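Structure, as structure tokens:
The values are calculated or read from the model by the stated rules, or taken from the named source; none is laboratory data. Please read all numbers here as calculations on a predicted model, not as lab measurements. Don't worry about glycine lacking a Cβ; one is built from the backbone with ideal geometry, like all the others, and counts go over all protein chains shown.
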Amino acid sequence: MPKNRSSQATKRLTVCAMLSALGVILLWIGSMIEVVDISMAVIASLFCVFAVIEYGGSAPWLIFAVTGLLSLLLLPQKTPAVMYLLFFGYYPIIKEKLEKRSRTVAWVLKELVFNVALVAMILLSHFFMTVGETADSLLLLYVAFAVLAEIAFPVYDVALTRLISFYLYRLRSRLRIK
């Protein structure tokens with residue numbers, strides 16, 4: 001392997017390792033300050049966005065896997081890691097693929113992915129986190145959570161699109177990554 005190619009591979013591996021470590025740190029902050037657990041999962045997902053734009057291929061998937069697994073193993077409170085693994089970590093990676101389709105098909109597929117993840121989150125919380133709650137109060141809580149999540153998802157998607165555009169058109173040339 002030529003030296004230039006080897007140094008590029010080393011740089012790519014180093015950057016991906018740092019992004020994974022930063023993602024774990026952010027998720028750890030979210031587990032320590034429970035009010036910001038969803039926010040930290042969203043911010044940690046931005047490292048996958050960076051990897052999709054700059055490296056593509058398997059790099060974002062590796063960052064997602066390493067960050068998610070280390071967070072599950074290391075965090076004292078697992079909620080941010082679970083949210084990251086069930087939706088926020090991989091969504092920015094597949095968002096690029098989904099948006100290559102027509103706008104209507106893309107939104108239907110995005111909603112489908114989101115709703116599958118939402119049901120998985122609700123089921124996990126029901127089986128692992130509910131103790132001593134009545135069925136009526138749980139149903140009301142799940143319905144309220146689902147409604148709020150359905151309202152928040154399009155806002156999240158549009159905000160993510162705008163952040164990606166901001167990075168591509170304003171920050172990327174200033175950072176001189178490539």
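Hey, among the residues in region 117-133 that are at pLDDT below 80 and either of a type in the set (Val, Ile, Thr) or in contact with a Lys or Arg (Cβ under 6 Å, 6 or more places away or on another chain) (or both), which one's farthest from Leu98 (Cα to Cα)?
The qualifying residue farthest from Leu98 (Cα to Cα) is Val131.
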- Message: Out of everything in region 1-26 that is more than 17 Å from the chain's Cα centre (by Cα) and under 15 Å from Thr67 (Cα atoms), what residue ends up being surrounded by the fewest Cβ atoms within 10 Å (Cβ to Cβ)?
- Response: Thr14
- For region 1-54, how many residues are in contact with a Gly (Cβ under 8 Å, 6 or more places away or on another chain) and among the aromatic types (Phe, Trp, Tyr)? 1
- Do we have any residue at all in region 75-97 that's touching a helix residue (DSSP H, G or I) at 6+ places or on another chain (Cβ under 8 Å), modelled with pLDDT under 95, of a type outside the set (Ser, Thr, Tyr) and more than 24 Å from Leu124 (Cβ to Cβ)? yes
- Among (1) modelled with pLDDT under 85; (2) surrounded by 15 or more Cβ atoms within 10 Å (Cβ to Cβ), Phe114 falls short only on (1)
- Restricting region 141-158 to residues that are closer than 16 Å to Trp107 by Cα, out of contact with any Leu (no Cβ under 7 Å at 6 or more places or on another chain) and of a type in the set (A, V, I, L, M, F, W, C), the one surrounded by the most Cβ atoms within 10 Å (Cβ to Cβ) turns out to be Phe153
- How many residues are more than 17 Å from Glu34 (Cα to Cα) and out of contact with any helix residue (DSSP H, G or I) (no Cβ under 6 Å at 6 or more places or on another chain) if we restrict to region 63-74? 3
- Restricting attention to region 56-74, which residues are buried (at least 19 other Cβ atoms within 10 Å of the Cβ) and not β-branched (Val, Ile, Thr)? Ala59, Pro60, Phe64, Gly68, Ser71
- Query: Could you list, in sequence order, the residues of region 27-36 that are over 12 Å from the mean Cα position of the chain (by Cα) and either touching a residue at least 40 places away in the same chain (Cβ under 8 Å) or closer than 10 Å to Tyr84 by Cα (or both)?
  - Reply: Trp28, Gly30, Ser31, Met32, Glu34
- Query: Looking at region 154-162, is at least one residue modelled with pLDDT under 90 and farther than 16 Å from Ile43 by Cβ?
  - Reply: no
